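What follows is a set of notes on a single structure, which appears directly below.
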Amino acid sequence: MVTAAAAADRREQALWQVLETVMDPEIPVLSVVDLGIIRHVRETGPAAVEVGVSPTYSGCPATEVIRADVERALRADGFQQVVVRDVLSPPWTSDWISERGREKLRRYGIAPPEKAVSSPSGLRARAPVACPRCGSEQTERISEFGSTPCKAHYRCTACAEPFDHFKCI
Amino acid sequence: MQSERAGSGGSPGSGSAGGSADGRDAIERCRYILRLADTSLVLGQRLGEWVGHAPALEEDLGLANISLDLIGQARLLLTHAGEVEGAGRDEDQLAFLRDGSDYCNLTLAEQPNGDFGRTIVRQFLIDAWQLEIYEWLQQSKDTRLAEVAAKALKETRYHLRYSAEWLIRLGDGTEESQRRVQQALDELWPFTQELFVADALDEDMAASGIASPLAQLQPRWSARIDEVLREATLQRPADTDYPWHGKRGQHGEHLGYLLAEMQHMQRAYPGAKW
């Protein structure tokens, strides 16, 4: 039994490795695993697998592309039946982006989200956002909304570079 | 065109859901969820009209992003409404094949954009309403509705932050910007009566634990509105009677034009896929 469980573990590890190769279409350095949107993945039968995926934002157009990419990657790995399930609860939070994912974002020029989720009482409170290029906290927000739903637009007043900030939700 | 009979339970066209007490409950609950869905969808469509026309690129992106969130929320809600109804209608059929009299959005949501200030006033009033509604709905006995609300709430928080910040900037801005947003507020305020006046459906939903008693949410909404208006140096208009009942399907002329544009493709080419 122990060896059967160990083999199942190994198989699940292999599935996570496949998902590591599926990149966010808008932020191509970040895998869907780094992003923290894969809620579960399990074999459900011979050559059959189920993946639970959470949307980041309700209206994010990348969600459908991600679902299709996840399915394609698992089919390419030999699974004939792939079910991608939409998991809404508990809702995705930017806190689920992995440490590695945060570092990748920073190197890509996007300031990663802070770790605390915004509360309704702190509606207009804002934590300082460090510039991903020079590290200065002398930054200002240009717009709460950027090129994708998950990003806000900032400018560093120390090194004068504009940059994206992955919003904290 | 299909026969559209949402809310008229028990008709031959409405599938197996009609007739029994459970069926009537389902149709009522569907109708309630459509009120939330349609408010988000219609407001999202309105904001989409700004794309390419906003006063600055940042606001163009901002309004487009809020629009996307609202349409995303509407899709989740419409899908759920269709499942609750049990007559086989999906999100697309509900969005594109219902006529105006079957739309149950708040009348405020369909009001035309006007200038940027008027759009911000409308947005602020509805954001503050959605914040209270979604916060309460997290404990709804309809567990799927609770899940959708928990997701939507996160987005509503920063929608409200955006609209409140702009309202303060415009209200406490120049003489001209203040004059314009005050006028917009005066004109739109009468529509806010509909936000918290419960009709029989609202009361039924509250009694069965699906939705909040609306009157219970009003003081929190009102306090938040007052706080922002004070900072924006704007005057809160007096409450008036309201003859608008968008949530019951009685709309002004504006909704028809909006739906004509939004539904044109599906009406002209039924079943067409992207």
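Name the one entry in B:203, B:261 that is farther than 21 Å from residue B:31 by Cβ and at pLDDT 95 or above.
Working: B:203 fails: farther than 21 Å from residue B:31 by Cβ.
So the residue among B:203, B:261 that is farther than 21 Å from residue B:31 by Cβ and at pLDDT 95 or above is B:261.
Could you please let me know if residue A:164 is in a helix (DSSP H, G or I) and either modelled with pLDDT under 95 or more than 10 Å from chain B (Cβ to nearest Cβ) (or both)? Break it down into steps so the answer makes sense when it comes.
Numbers: in a helix (DSSP H, G or I): no; either modelled with pLDDT under 95 or more than 10 Å from chain B (Cβ to nearest Cβ) (or both): yes.
Taking the combined requirement at face value, the residue does not satisfy it.
Considering every residue within region B:225-239, establish whether at least one is crowded, with 19+ Cβ neighbours inside 10 Å and either closer than 20 Å to residue B:31 by Cβ or basic (Lys, Arg) (or both).
No - not one qualifying residue is present in region B:225-239.
Give the residues of region A:131-146 that are hydrophobic (A, V, I, L, M, F, W, C) and open to solvent by less than 40 Å² (accessible area, probe 1.4 Å), sorted by residue number. Let's see the steps before the verdict.
Step one: filter region A:131-146 for residues hydrophobic (A, V, I, L, M, F, W, C), giving A:131, A:134, A:142, A:145.
A:131, A:145, listed by residue number.
Just wondering, is there one or more residues in region A:12-34 that are within 14 Å of chain B (Cβ to nearest Cβ) and more than 25 Å from residue A:144 (Cβ to Cβ)?
The initial filter retains those residues of region A:12-34 that are within 14 Å of chain B (Cβ to nearest Cβ), namely A:26.
Filter again for more than 25 Å from residue A:144 (Cβ to Cβ), leaving none.
For region A:12-34, residues within 14 Å of chain B (Cβ to nearest Cβ) and more than 25 Å from residue A:144 (Cβ to Cβ): absent.
From A:70, A:41, which residue is farther than 21 Å from residue A:113 by Cβ and either assigned by TED's automatic domain parsing to the domain that holds residue A:113 or in a strand (DSSP E or B) (or both)?
Values: A:70 fails: either assigned by TED's automatic domain parsing to the domain that holds residue A:113 or in a strand (DSSP E or B) (or both).
None of the other options fit; the residue is A:41.
Looking for whichever is outside any helix (DSSP H, G or I), modelled with pLDDT of 95 or more and more than 12 Å from chain A (Cβ to nearest Cβ) here; the options are B:88, B:117. Which one fits?
On the way: B:117 fails: outside any helix (DSSP H, G or I).
Sole residue among the options that is outside any helix (DSSP H, G or I), modelled with pLDDT of 95 or more and more than 12 Å from chain A (Cβ to nearest Cβ): B:88.
Quick check on my filter: what residues within region A:44-67 are of a type in the set (A, V, I, L, M) and assigned to a strand (DSSP E or B)? Write out each step before concluding.
Looking only at region A:44-67, we keep the residues that are of a type in the set (A, V, I, L, M), and these are A:47-49, A:51, A:53, A:62, A:65-66.
Of everything in region A:44-67, those that are of a type in the set (A, V, I, L, M) and assigned to a strand (DSSP E or B) turn out to be A:48, A:49, A:51, A:53.
Inspect region A:91-107 for any residue being among the polar types (S, T, N, Q), more than 14 Å from residue A:166 (Cα to Cα) and either surrounded by fewer than 15 Cβ atoms within 10 Å (Cβ to Cβ) or outside the structural domain of residue A:136 (by TED's automatic domain parsing) (or both) and give the result as yes or no.
Taking region A:91-107 as the starting set, the residues that turn out to be among the polar types (S, T, N, Q) are A:93-94, A:98.
Still in the running and more than 14 Å from residue A:166 (Cα to Cα): none.
So far as region A:91-107 goes, no, none of its residues is among the polar types (S, T, N, Q), more than 14 Å from residue A:166 (Cα to Cα) and either surrounded by fewer than 15 Cβ atoms within 10 Å (Cβ to Cβ) or outside the structural domain of residue A:136 (by TED's automatic domain parsing) (or both).
Tell me, yes or no, whether region B:92-113 has at least one residue that is within 22 Å of residue B:229 (Cβ to Cβ), away from chain A (no Cβ under 14 Å) and open to solvent by 10 Å² or more (accessible area, probe 1.4 Å).
The answer is yes; a qualifying residue exists.
Working only within region B:31-59, note down all residues that are among the acidic types (Asp, Glu) and either more than 9 Å from chain A (Cβ to nearest Cβ) or open to solvent by 40 Å² or more (accessible area, probe 1.4 Å) (or both). Full working, then the answer.
We begin by selecting, within region B:31-59, every residue among the acidic types (Asp, Glu); these are B:38, B:49, B:58-59.
Residues satisfying the conditions are B:38, B:49, B:58.
Return only the number of the condition from (1) within 14 Å of another protein chain (Cβ to nearest Cβ); (2) surrounded by 14 or more Cβ atoms within 10 Å (Cβ to Cβ); (3) within 25 Å of residue B:76 (Cα to Cα) that residue A:86 does not satisfy.
Residue A:86 satisfies all of (1) within 14 Å of another protein chain (Cβ to nearest Cβ); (2) surrounded by 14 or more Cβ atoms within 10 Å (Cβ to Cβ); (3) within 25 Å of residue B:76 (Cα to Cα) except (2).
Of the numbered conditions (1) part of a loop (DSSP other than H, G, I, E, B); (2) open to solvent by 90 Å² or more (accessible area, probe 1.4 Å); (3) of a type in the set (Phe, Trp, Tyr), residue B:257 fails exactly one; give the number of that condition.
(1)
With respect to residue B:211, is the statement that it is part of a loop (DSSP other than H, G, I, E, B), under 16 Å from the mean Cα position of the chain (by Cα) and at pLDDT below 95 true? Even if it seems obvious, please write down each step before you answer.
On the way: part of a loop (DSSP other than H, G, I, E, B): yes; under 16 Å from the mean Cα position of the chain (by Cα): yes; at pLDDT below 95: no.
No: the conditions fail for residue B:211.
For residue A:53, indicate whether it is β-branched (Val, Ile, Thr) and open to solvent by 10 Å² or more (accessible area, probe 1.4 Å). Step through it out loud before you land on a result.
On the way: β-branched (Val, Ile, Thr): yes; open to solvent by 10 Å² or more (accessible area, probe 1.4 Å): no.
Against the criterion (β-branched (Val, Ile, Thr) and open to solvent by 10 Å² or more (accessible area, probe 1.4 Å)), residue A:53 does not qualify.
The values are calculated or read from the model by the stated rules, or taken from the named source; none is laboratory data. Keep in mind that this is a model prediction, so the values were computed, not measured. Every residue, glycine as well, gets a Cβ built from its backbone with ideal geometry; the counts of neighbours run over all protein chains shown. Only protein heavy atoms, including side chains, enter the accessible area calculation; ligands, DNA and RNA are left aside. Shrake-Rupley method; radii C 1.70, N 1.55, O 1.52, S 1.80 Å.
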